[in-house]
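What follows is a single structure, written as structure tokens, with notes after it.
Nothing in this text is a laboratory measurement; each read-out follows from the coordinates by a stated rule. Note that the structure is a prediction, hence the values are computed from the model and not measured. Every residue, glycine among them, receives a Cβ derived from its backbone with ideal geometry; neighbour counts consider all protein chains shown.
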Amino acid sequence: MYSLVLNALVRHINKNKINTKCIKYLKTSASLDAFWERDPKGGYIDTREKPSKTQIVREGLKELKTEIALWSQEVKEHFEFDPNMIFRPGETDIVWQFGSQDSLNEWVVTSDKDHNEGYSSCSLALNKHGKGLFAGELSTRVPKDGRIKRAGYCNIKTIRARKSFKRETFLNWGPYNMLVMKVRGDGRSYMLNITTKGFFDLTWNDTYHFVLYTRGGPYWQISRIPFSKFFFASKGRVQDRQSPIPLNKITNFGISVGDKINGSFSLEIDYIGVEFDPNHKEEFAYEMYRMPKYIVAT
């Protein structure tokens with residue numbers, strides 16, 4: 001249907017000898033399509049060999065014990081009904097903390113090299129002190145395939161929050177207004193990513209970003225970043241129409257490095273948590289303007 005409309009437009013231009021220099025070219029890239037998303041992965045196809053049905057059954061039986069234990073804990077919490085009703089100022093509730101091998105299993109590590117889009121590499125491991133170490137080599141060298149124009153990124157991202165039996169759920173950070181991190185960096189700037197993937201396809205790539213500045217050196221730093229400072233983007237494009245984070249719909253948290261500086265990087269992480277600060281009253285840091293309809297992209 002789209003090709004028929006485009007061909008009809010071209011015939012109309014040629015027939016009436018319209019000056020095409022004054023016409024804005026049509027954009028056909030998928031990232032500008034505001035009506036439909038084909039794939040939750042944004043076109044990144046999983047090339048791994050799929051297991052057979054027999055292997056799936058075997059692996060499922062192995063996980064059954066763990067899932068039943070998780071379900072039992074959910075039932076226990078349901079009947080106890082003891083939610084946290086008081087959020088003390090200055091008290092950090094830790095969400096992720098490194099210190100064991102199990103803490104690494106909650107994260108997924110990726111780089112442009114994994115998708116044949118560059119030559120960067122990275123890893124997430126425990127250092128000799130038992131803290132998380134996100135380190136690697138950043139390279140902005142572009143593959144000569146005629147397809148990739150920019151390269152140089154590494155990323156870690158938490159797995160999707162879920163309940164027992166692989167049921168997806170959300171992290172509810174509604175009562176909090178601060179993100180707290182204890183890190184020790186190398187002087188680079190890192191990008192913090194909070195994903196709020198929703199049910200509808202247009203929200204699959206909704207992500208809120210803010211920059212984590214590290215000072216380097218031998219000392220740890222505790223960064224307290226208000227959620228009101230995070231700005232809204234989709235597929236790496238900052239959106240014209242901004243909005244605060246829906247803190248009751250958090251699906252993932254990630255850290256990226258892509259500052260276009262070739263060389264090694266290193267970020268040690270002790271913990272990542274949330275906090276309620278009663279002195280912080282700001283709801284959203286970015287001012288919006290009233291614009292005519294169909295002018296501002298969302």
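Report, to one decimal in Å, the Kirkwood hydrodynamic radius for the range 66-157 based on all distinct Cα pairs.
17.0 Å is the Kirkwood radius here.
Looking at Phe232, Gly254, Ile269, which one has the Cα that reaches farthest to the positive end of the dipole of the range 91-275 (charges on Cβ: Lys, Arg +1; Asp, Glu -1)?
Projecting each Cα onto the dipole axis, the largest value belongs to Phe232.
Sorted from largest to smallest, which semi-axis lengths in Å does the alpha carbon gyration tensor of the range 106-248 give for its equivalent ellipsoid, taking the root of 5 times each eigenvalue? Intermediate results must be reported in sequence, preceding the final value.
Details: eigenvalues 125, 100, 59 Å².
They are 25, 22, 17 Å, listed from largest to smallest.
Based only on other Cβ atoms within 10 Å, what is the fewest-to-most ordering of Leu64, Leu171, Leu138?
Ranking Leu64, Leu171, Leu138 by Cβ neighbours within 10 Å, fewest first, gives Leu64, Leu171, Leu138.
Please report the projected area of the range 177-234's Cα convex hull averaged over all directions, in nm².
4.3 nm²
Could you estimate the translational diffusion coefficient of the range 126-210 from the Stokes-Einstein equation, with Rh from the Kirkwood formula over C-alpha pairs, at 37 °C and 0.692 mPa s, in whole µm²/s?
Answer from the Stokes-Einstein relation: 195 µm²/s.
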